[in-house]
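Structure first, commentary second.
The values are calculated or read from the model by the stated rules, or taken from the named source; none is laboratory data. Note that the coordinates shown come from a computational prediction; the quantities given were computed from them, not determined experimentally. Cβ placement follows ideal geometry from the backbone for every residue including glycine, while neighbour counts extend to all protein chains displayed.
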Amino acid sequence: MKRYLLVATGLLLGLLALTILATNVLARLPANQSASKGIYVQFDKGIEGVITRDNGFPVAGGHHRWLWLELEPDYDNDYRFNQEIGTFVLQEVARGKKAAIGVESFVAPTSQYAKKVGPPYGTIAIPEWLRSSPGIIELSHPVTGTWYVLNFLNATYKAKYAEFIYALADWLAANPNVAANVGWIEMGVGLESETQPVDIYKASQAEITNYYLNRAPGGENPPGWTSNDWTRFVNWCTDLYVDAFRVRNPSLSSIPIFLNCAPEFKGKDNRSNREAFTTYAATKGIGLKNNGLQADRAPASLYDPLIKWGSVVATTTVPIAWETYSVWLTNTTTLYWGILCALDKHPDVLEPTRDLMVDGSYNPKPDYVAIWRWAEPYLGVTPSTTPGIWCALRETETGGEPGNFFFWLFQNDSLPGGRTVALKPGVNSGDAWILVTGKEGRYTRRTDRATGNPYMHFQVLNPSPYYGNPNGYVFTVTVTYLDKGTDSWKLTYDSSEGRKDAYPVVTKTNTNTWKKATFVLRDARFGNGYRDNGMGGGIGSSAADLTIDCLDSGDEYIHMVEIKRIDSGATPSPTPTTVPCTIRGRVILEGRPTPPHARWVTPLTVTVGSTNYAATTDTSGYFTVTVSSPGTYDIRVKNMHTLRNVKRGVTLIAGQNEINFGTLLEGDANNDNVVDMRDFVILRVTYNTSDPRADFNQDGVVDMVDFVRLRVNYGKSGDVEVP
């Protein structure tokens, strides 16, 4: 479990952490699986094709899970992989997305399928032709039972299920064009593919629970199943998927496989087995997906496997994923803190339901989409490739995970003068922050001058490219603070010349809102550091890399501290007396593969007021422009073959300004800010060439794909207003 009280001593644990880290390359995923990272829309089959990257959503793919009876319906070996899975993959490819796939053989009485079919067979998702095999299904109770239940331990069931999974893997390997567009596969194990045969906490499943605990045959001590019985079955499923998708078909090794490991089944002996089957799966290279992401979930042990195997000191690297629903993340605030909770475990994949991005009419929820867009760059990264490190300050309110959510930046309460006070709903009610609206204020921490603790200390991950700053990076540090009172605070940091103050000192104006202060550090060393032990704790050194100092004039309420690299290879120089004004912009480029990808790298003209700046996007569409002075400007962004976008009345402050400039519409081959007949003529005469003017998707050839981009945007002109 996570701890926020960090121990400032080396001792044996420090030596152990150093030994582990010395043998760990800090890799997040095998290189051949890195293209699968991203955000996938859950149950994406057949829904409106609105949630796409071209429409401004930060999504990499879509997911669907089939009932086994849909894929082998009428008789043994009657496989419908082409018709079902193949069609879904093509649908996702047409939307510019990868496809994630899974299967299930047993569903809850409250599922849509069970409601449609009704009792007694509505829970059974195996093919009808298999139901008649002795012992595979039976009523939960011979007299009073309402539903049929599935005997997962039945030998015939296991043989037929293995045959089905082998056939699926063989089909996928025989269709490499399909396999290349499969983002990941989720294992089908128990109820609704998860690691339990029944949800014992649901009253609607009480009779089914009674069956597995007291009547089910085939276990080590029948009737009823023990924890060991179920662990062995889950591990059998792991071995099956490894053999089918790795050993038998090594060409599929680039597709991550996930075990849906949120629940467990303790059996009639009431012994936990989540640790056993997740460890078994992880050591086989199977990823772990928790299907219950919440902002603050109890008990905290539900998330322990992801903390353990998502850590940089994990003994092996496996994919990490989260699945979540609007029933848990009910508004902007809970979504935001849920995403912070997820990122704290360093995931590769996030899988939300579509109502966490769009409303019932498929209109975007802008506040929700902005949160997903902020989170996306932090998926599947290492300390070397992350766009930044951060710490979000909090404490559990429900008995869930204690302490902060952090992304390789750690707040250390044990350093001198730095013990903070945690605030959360219903606690410390005398603090005015509780009256503040905004997602940042659900939880926070503050300094505590009254007890001699005027500081808040932070340390970077050791080892990492931030620790010691061996590459001479220039950093921005952004502090999100509560503008409460009219006192001042400052940021100090570990520099190449010792302890320094960052510029400027922040004086609050008592707006009672959350604000951001950004500092540019050109000579940061960050040479103190913190060693993560992979269990939610670790070892901090005896000095801080960053410190927020309340200047003994009033306590500071801090939501987040985020450090980002903005340069490399620079010769460190003293912190300047003036802070540059930097635009960190993002554009969406039409017709490109899922980022990061080389085809996202493209030149831009960025016009701030009346001044033009040249910029180049990176492999995810981000670019940086340094402006001479802060102020309020209309900012325009254009590529040589797109329409120009404009964002009006943008106030640029000293430091870094993160701005989304929307989607650049392709088709302007002659660069006159209009898509019309003149552009079509250029496309026609350059067709089947590599002329860059009409190669709108930058794949090296002018072809039908480029014509489609021109046709969609024909008649449009810039400037395109961006809200």
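Being hydroxyl-bearing (Ser, Thr, Tyr) and in a loop (DSSP other than H, G, I, E, B) narrows it down to one of TYR493, TYR466, so name that one.
Being hydroxyl-bearing (Ser, Thr, Tyr) and in a loop (DSSP other than H, G, I, E, B) holds for just one of TYR493, TYR466, which is TYR466.
Just for the stretch 130-147: of the residues that are without any contact (Cβ under 8 Å) to a residue 60 or more places away in the chain and surrounded by 20 or more Cβ atoms within 10 Å (Cβ to Cβ), which one is nearest to LYS115 (Cα to Cα)?
ILE137
Could you list, in sequence order, all residues of the stretch 507-527 that are of a type in the set (Val, Ile, Thr) and assigned to a strand (DSSP E or B)?
Going through the stretch 507-527, the residues of a type in the set (Val, Ile, Thr) turn out to be 507, 509, 511, 513, 518, 520.
Residues satisfying the conditions are THR507, THR518, VAL520.
So, THR616, is that one buried (at least 20 other Cβ atoms within 10 Å of the Cβ), hydroxyl-bearing (Ser, Thr, Tyr) and without any contact (Cβ under 8 Å) to a residue 60 or more places away in the chain or not? Let's see the steps before the verdict.
Numbers: buried (at least 20 other Cβ atoms within 10 Å of the Cβ): no; hydroxyl-bearing (Ser, Thr, Tyr): yes; without any contact (Cβ under 8 Å) to a residue 60 or more places away in the chain: yes.
For THR616, the condition - buried (at least 20 other Cβ atoms within 10 Å of the Cβ), hydroxyl-bearing (Ser, Thr, Tyr) and without any contact (Cβ under 8 Å) to a residue 60 or more places away in the chain - is not met.
So TRP129 clears everything in (1) under 21 Å from ASP199 (Cα atoms); (2) modelled with pLDDT of 95 or more; (3) more than 36 Å from the chain's Cα centre (by Cα) except one condition, right? Which one?
Status for TRP129: all satisfied but (1).
If I filter the stretch 511-521 for residues that are crowded, with 23+ Cβ neighbours inside 10 Å, closer than 19 Å to ALA422 by Cβ and in contact (Cβ under 8 Å) with a residue 40 or more places away in the chain, do I get at least one hit?
No, the conditions are met nowhere in the stretch 511-521.
Are any residues in the stretch 103-162 among the polar types (S, T, N, Q) and either part of a helix (DSSP H, G or I) or farther than 20 Å from GLU72 by Cβ (or both), and if so, which ones?
Here is the first cut: in the stretch 103-162, the ones among the polar types (S, T, N, Q) are 105, 110-112, 123, 132-133, 140, 144, 146, 151, 154, 156.
Answer for the stretch 103-162, where residues must be among the polar types (S, T, N, Q) and either part of a helix (DSSP H, G or I) or farther than 20 Å from GLU72 by Cβ (or both): THR110, GLN112, SER140, THR144, THR146, THR156.
Test each condition in (1) part of a helix (DSSP H, G or I); (2) among the hydrophobic types (A, V, I, L, M, F, W, C); (3) in contact with a helix residue (DSSP H, G or I) (Cβ under 8 Å, 6 or more places away or on another chain); (4) not assigned by TED's automatic domain parsing to the domain that holds TYR241 for ILE85 and report the one that comes out false.
Looking at each condition in turn, ILE85 falls short on (4).
Per-residue answers, yes or no, for (1) closer than 30 Å to GLY380 by Cβ; (2) surrounded by fewer than 16 Cβ atoms within 10 Å (Cβ to Cβ):
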site: ALA155; (1), (2): no, yes
site: ALA159; (1), (2): no, yes
site: ASP170; (1), (2): yes, no
site: ALA180; (1), (2): yes, yes
site: GLY183; (1), (2): yes, no
site: GLY190; (1), (2): yes, no
site: THR195; (1), (2): yes, no
site: VAL198; (1), (2): no, no
site: ALA203; (1), (2): no, yes
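In the stretch 205-231, what count of residues is obtained for those that are more than 26 Å from THR110 (Cβ to Cβ) and crowded, with 19+ Cβ neighbours inside 10 Å?
Count: 3.
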